[in-house]
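Before any comments, here is the structure.
The values are calculated or read from the model by the stated rules, or taken from the named source; none is laboratory data. Just so we're clear, the structure is a prediction, and the values are computed from it rather than from any experiment. Here the Cβ is made from the backbone with ideal geometry for all residues, glycine too, and neighbour counts use every protein chain on show.
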Amino acid sequence: MNKINVGIIGVGRMGRIHLDNLVLKFPEVNVVAISDVLESSKSLAEQYNVPNFYTDYRDLISNPDVEAVVICSPTDRHAENILAAVTAGKQVFCEKPMDLSLETVQELEDIIEASGVKFMLGFNRRFDPNFKKIKSLINEGKVGEPHIVKITSRDPAPPPVSYIKSSGGMFVDMTIHDFDMARFMAGSEVKQVFAVGKNLVDPEIGKAGDIDTAVITLTFENGCIATIDNSRQAVYGYDQRVEVFGSAGMAGTTNNTPDNHYYYDKNGQSGPLPLNFFMDRYIDSYYNEMREFIDCLNKNEKPNVGAKDGMVSLAIGIAANISMKENRVVALEEITEKNVSVSS
Ligand SMILES: NC(=O)c1ccc[n+]([C@@H]2O[C@H](COP(=O)([O-])OP(=O)(O)OC[C@H]3O[C@@H](n4cnc5c(N)ncnc54)[C@H](O)[C@@H]3O)[C@@H](O)[C@H]2O)c1
């Protein structure tokens, strides 16, 4: 078998998940290099028998053995990592978001398109078995025309304020997954965005200039309406639910739990809480998205979620920020025409 040689940039939370999957579950892949600015991450290379470790990602890119690069560095490093990898002719998988500037993402999209390399963006939730089932019911016509998409997406606890400060804000860091999911389920493009956001969980998040609670309404070109509700802190765990209501029916999923027992006594009933966070809840989706990427490389096919999806979801996030700040409905074309960046 002709193995694909992969290098991973950044082996924090996400990088470790992909490293573990690629080494243990992809016999057709060799992880040949890891790069992380933390020298201590070298121990991961040793643990997984990865022959090369670099503290400078450029050394990984210039290693001629590396055919494909998996980018899991912090968001503010993605653009330079993508540019270097694509320029060197490597195939690229990158964690979301590509960058916080729409202009940069559009430039990257053009460069990727012109280069002919395969590029996949880590919108892993499309590959979650629950949400894939809803999507296939829609594709089979069982839901009819989608009229309402309802997404609940609440984290169990906020990230550290240091993370919040460099994240670009909740809409482009967290809700960006939900914007992509809404587009995926609606099967259409967003026309208008209206967002309300509050700082209700942790005053430190407010002091850092961000929100932790929001409701967003999206309207789509095909008439579908979506609502997304977000919180950075659901005390009962990671609350991830999607429902699609259409002309012929409704499809939805409940939360994943460690088991599905129920218990009754004279006071009422109880059951298990949702799985705690993304490392548990979306573990299948991380394998499935990497399976899509590696299969695309093997079959010489374009991955079905790429730079354009990153660009559109970022634009929706920017529109949501403006809508919240100016308390008005924002047409998406206002954003895509102006190329505004996330700080607007
Ligand atoms: N798809 C998802 O569900 C999901 C979940 C969490 C995070 N993410 C995204 O993944 C990316 C990484 O997030 P994380 O939570 O793993 O962060 P993290 O902080 O846990 O890991 C980042 C790693 O990159 C390393 N690093 C920093 N600068 C580097 C550089 N210049 N070159 C190489 N390595 C560098 C850090 O030392 C660290 O080990 C972010 O863009 C984030 O938005 C996606």
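Looking only at residues that are buried (at least 17 other Cβ atoms within 10 Å of the Cβ) and out of contact with any helix residue (DSSP H, G or I) (no Cβ under 6 Å at 6 or more places or on another chain) in the stretch 189-204, which one is nearest to GLN233 (Cα to Cα)? Before you say what the answer is, go through the steps one by one.
The initial filter retains those residues of the stretch 189-204 that are buried (at least 17 other Cβ atoms within 10 Å of the Cβ), namely 190, 192-195, 197, 199, 201-202.
Those left that are additionally out of contact with any helix residue (DSSP H, G or I) (no Cβ under 6 Å at 6 or more places or on another chain): 192, 201-202.
Numbers: GLN192: 27, VAL201: 7, ASP202: 9 Å.
Ranking the qualifying residues of the stretch 189-204, first place goes to VAL201.
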Original post:
If we scan the stretch 266-278, do we find a residue that is assigned to a helix (DSSP H, G or I) and under 18 Å from the mean Cα position of the chain (by Cα)?
Top reply: yes
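Scanning for something crowded, with 16+ Cβ neighbours inside 10 Å, closer than 17 Å to ASN230 by Cα, touching a Ser or Thr at 6+ places or on another chain (Cβ under 9 Å) and in the same structural domain as LEU314 (by TED's automatic domain parsing), does the stretch 137-150 turn up at least one residue?
We begin by selecting, within the stretch 137-150, every residue crowded, with 16+ Cβ neighbours inside 10 Å; these are 137-138, 143, 146-147, 149-150.
Narrowing further to those that are closer than 17 Å to ASN230 by Cα: 149-150.
Now drop any that are not touching a Ser or Thr at 6+ places or on another chain (Cβ under 9 Å), which leaves 149-150.
When the remaining residues are screened for being in the same structural domain as LEU314 (by TED's automatic domain parsing), the result is 149-150.
Yes, some residue in the stretch 137-150 is crowded, with 16+ Cβ neighbours inside 10 Å, closer than 17 Å to ASN230 by Cα, touching a Ser or Thr at 6+ places or on another chain (Cβ under 9 Å) and in the same structural domain as LEU314 (by TED's automatic domain parsing).
For every residue, the table says whether it meets (1) among the small types (Gly, Ala, Ser); (2) in the same structural domain as LYS118 (by TED's automatic domain parsing).
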| residue | (1), (2) |
| --- | --- |
| SER231 | yes, no |
| PHE245 | no, no |
| THR253 | no, no |
| ASN276 | no, no |
| LYS299 | no, yes |
| ALA315 | yes, no |
Subject >> the stretch 88-97 - residue that is within 21 Å of VAL66 (Cα to Cα) and near the ligand (Cβ under 10 Å from one of its atoms) and, of those, surrounded by the most Cβ atoms within 10 Å (Cβ to Cβ) >> reply: CYS94
Subject >> Cβ-Cβ under 7 Å pairs, at least 6 apart or on other chains, the stretch 22-34 side part of a helix (DSSP H, G or I), far side buried (at least 23 other Cβ atoms within 10 Å of the Cβ) >> reply: LEU22/VAL6; LEU22/VAL31; LEU22/MET290; VAL23/VAL31
**OP:** Working only within the stretch 22-38, note down all residues that are more than 19 Å from ALA85 (Cβ to Cβ), more than 10 Å from the ligand (Cβ to nearest atom) and more than 23 Å from the chain's Cα centre (by Cα).
**Re:** PRO27, GLU28
Original post:
Can you name the number of the only condition in (1) assigned to a helix (DSSP H, G or I); (2) touching a Cys at 6+ places or on another chain (Cβ under 6 Å) that PRO303 fails?
Top reply: (1)
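May I ask you to verify whether ILE8 is under 25 Å from ASP280 (Cα atoms), in contact (Cβ under 8 Å) with a residue 40 or more places away in the chain and not in a helix (DSSP H, G or I)?
yes
Mind checking which residues of the stretch 122-148 are of a type in the set (S, T, N, Q) and within 16 Å of the ligand (Cβ to nearest atom)? Reasoning before the result, please.
Step one: list which residues in the stretch 122-148 are of a type in the set (S, T, N, Q), which gives 124, 130, 136, 139.
If the condition is that a residue be of a type in the set (S, T, N, Q) and within 16 Å of the ligand (Cβ to nearest atom), then ASN124, ASN130 are the ones that fit.
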Subject >> Filtered residues of the stretch 213-233 (kept if out of contact with any helix residue (DSSP H, G or I) (no Cβ under 8 Å at 6 or more places or on another chain) and part of a strand (DSSP E or B)) >> reply: THR213, VAL215, THR217, THR219, ILE225, THR227, ASP229, SER231
**OP:** Tell me which residues, restricted to the stretch 51-82, are without any contact (Cβ under 8 Å) to a residue 40 or more places away in the chain and buried (at least 18 other Cβ atoms within 10 Å of the Cβ).
**Re:** PHE53, TYR54, HIS78, ALA79, ILE82
Original post:
Just checking, how many residues over the stretch 34-50 are crowded, with 16+ Cβ neighbours inside 10 Å and more than 24 Å from ARG291 (Cα to Cα)?
Top reply: 2
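Please verify whether ASN130 is surrounded by fewer than 21 Cβ atoms within 10 Å (Cβ to Cβ), touching a strand residue (DSSP E or B) at 6+ places or on another chain (Cβ under 9 Å) and modelled with pLDDT of 95 or more, treating the condition exactly as stated.
Numbers: surrounded by fewer than 21 Cβ atoms within 10 Å (Cβ to Cβ): yes; touching a strand residue (DSSP E or B) at 6+ places or on another chain (Cβ under 9 Å): yes; modelled with pLDDT of 95 or more: yes.
For ASN130, the condition - surrounded by fewer than 21 Cβ atoms within 10 Å (Cβ to Cβ), touching a strand residue (DSSP E or B) at 6+ places or on another chain (Cβ under 9 Å) and modelled with pLDDT of 95 or more - is met.
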**OP:** Residue by residue through the stretch 149-174, note down the ones that are more than 12 Å from the ligand (Cβ to nearest atom) and polar (S, T, N, Q).
**Re:** THR152
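Looking only at the stretch 45-70, which residues are assigned to a strand (DSSP E or B) and either near the ligand (Cβ under 8 Å from one of its atoms) or not assigned by TED's automatic domain parsing to the domain that holds VAL32 (or both)? Show your work before the answer.
Within the stretch 45-70, the first condition is being assigned to a strand (DSSP E or B), and the residues that meet it are 52-54, 68-70.
None - no residue of the stretch 45-70 is assigned to a strand (DSSP E or B) and either near the ligand (Cβ under 8 Å from one of its atoms) or not assigned by TED's automatic domain parsing to the domain that holds VAL32 (or both), so the list stays empty.
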